[in-house]
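Step one of this worksheet: look at the structure below.
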Amino acid sequence: MNSISPIVLMLGANADVAKAAIPLYISKEYTVIAASRSTEELKAFAKDKQFTAQQMMVLYFDATDFNTHQNFYDSLPAKPHIVIYAAGFLKNNEEALRNWEDSFNMMKVHYCGAVSILNIIAMDDANQNLERIIGLSSLSGVRGRKSNFIYGSTKSAFTQYLAGLRQYLFSRNIQVNVIVAGYIRSKMTAGLNLPESLMLEPSFIAKAVINAGRSFVIVPGFKWKMIYYILRLMPERLAAKLP
Ligand SMILES: NC(=O)c1ccc[n+]([C@@H]2O[C@H](COP(=O)([O-])OP(=O)(O)OC[C@H]3O[C@@H](n4cnc5c(N)ncnc54)[C@H](OP(=O)(O)O)[C@@H]3O)[C@@H](O)[C@H]2O)c1
C-alpha cells in the first residue's frame, strides 16, 4: 500500500451508509480500509466499482469480538487519518425486551465494540496521522421512548462516549463527530413501516460524513434537525406520550 494517500478506516464497512461513503472518499484520493465481517460482499463491491487495491482494501473485523481488536489494529497496513464507526444492529424493542441476546448484541455492536476499538485507536499516540473519528449514531438516542429504548439507549451511550472522546482528544487536534441520523433507507430499515417523507438516502448521510467539520453533532436533513431540537427540549410528560 502506497502510504502517500491518506487512509480512511471504515469499521462496519458493509453498512449501506458506509458503502455510499467509500466511493466519495476514494474520489477525494483517500485509500479506504473497509473492515467488516462481510469481506466477500465488500470484495465484490470493490470489483463492481473497479476500485484498485490501492484505493480500497478489505479486512475482516467483528465489532463484538473484542479480544481481536488490538491485533486487528496492530496489523493494519497503515494507520488511519480518519476512522468511521458504522456498525449497527437493530432489533425490535419488544423482541429485545424478551430476548437478552438481542439486547446484548445491540449493546455490543453500538457501544462495547465501539469503545473497545476506538480506545485502542485513540490511545495510539504514535499515530501522528489521526485527524478525525466519526461515529454513526441515531436520533433514537436523544430521548428514551417506549417503542425503542433498548436500541436508543445503546446509541445514547455511544454518543456520550464520543462527546467525551472529543474532549479527551482536543489537545491532539483530533476532531470527533457524531452523525445523529434519522430514518435511513437501508438494510436496517427494510420491511419497517416508516414515514416516506422522513426517509433519507444512504448517499445523503454519506455526504454528511465526508463533509464533517468542527461541529460535534451533525444531524443530516432539515426536518430531522427540527425533530432533534424538539426532542431535546420536550418536557418529559410530552416525551412520555410519544410512541
Ligand atoms: N438505518 C437507519 O434508519 C439508521 C438511523 C440512524 C442511525 N443508523 C446507524 O447508522 C449506521 C449505518 O446504518 P445502515 O442503515 O447503513 O445499516 P445497515 O446497512 O443495516 O448496516 C449495518 C452494518 O453493521 C454491520 N455490523 C453489524 N454487526 C457487526 C459486527 N459485529 N461487526 C461488524 N459489523 C457489524 C453489518 O455487517 P454485516 O453486513 O456483516 O451484517 C451491516 O453491514 C448504523 O450504526 C446504524 O445503527 C441507522
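Every number in this text was worked out from the coordinates using simple rules, so none of it is lab data. As the structure is a prediction and not an experimental result, all values here were calculated from the model. Backbone-built Cβ (ideal geometry, glycine too); neighbour counts: all protein chains shown.
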- Task: Only residues of region 19-37 count here: report those whose backbone N is under 20 Å from the spot 7 Å along Cα→Cβ of residue 172, or say none.
- Result: 33
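Multiply the residue separation of residue 196 and residue 44 by 0.36 nm, subtract the distance between their alpha-carbon atoms, and state the gained length in nm to one decimal. Walk me through the intermediate numbers first.
Numbers: separation 152, 0.36 × 152 = 54.72 nm, distance 3.02 nm.
Contour length minus Cα-Cα distance gives 51.7 nm.
Using 0.36 nm times the number of residues separating residue 216 and residue 233, minus their current alpha carbon distance, what extension gain do you get? Write down the numbers at each step before the final one.
On the way: separation 17, 0.36 × 17 = 6.12 nm, distance 1.85 nm.
Contour length minus Cα-Cα distance gives 4.3 nm.
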- Message: Pick from 122, 15, 34 the residue whose mean-square fluctuation is largest in a GNM of the chain, springs joining Cα atoms under 10 Å.
- Response: 122
- Once the dipole of the chain is set up with Lys and Arg at +1 and Asp and Glu at -1 on Cβ about the Cα centre, which of 141, 170, 27 lies farthest towards its positive end? 141
- Item | the chain - charge dipole about Cα centre, Lys and Arg +1 at Cβ, Asp and Glu -1, debye rounded to 20 | 860 debye
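May I ask you to sort 41, 236 by Cβ crowding, counting other Cβ atoms within 10 Å and putting the fewest first? Walk me through the numbers on the way to the answer.
Working: 41 15, 236 8.
Fewest-to-most Cβ neighbours within 10 Å comes out as 236, 41.
By DSSP, what percent of the beta bridges with both residues in the chain are antiparallel, rounded to the nearest 5?
Numbers: 0 of 28 bridges.
Bridges in the chain are about 0 percent antiparallel.
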- Message: If you wrap a convex hull around the alpha carbons of the chain, what volume per residue comes out, as a whole number of Å³?
- Response: 128 Å³
- Message: Through the Karplus equation 6.51 cos²θ - 1.76 cosθ + 1.60, θ set to phi - 60°, convert the phi angles of region 6-13 into ³J(HN,Hα) values in whole Hz; use x for Gly and Pro.
- Response: x, 10, 10, 9, 9, 9, x, 6
- If unit charges are put on Cβ atoms (+1 for Lys and Arg, -1 for Asp and Glu) and the dipole of the chain is taken about its Cα centre, the option from 42, 233, 73 lying farthest towards the positive end turns out to be 233
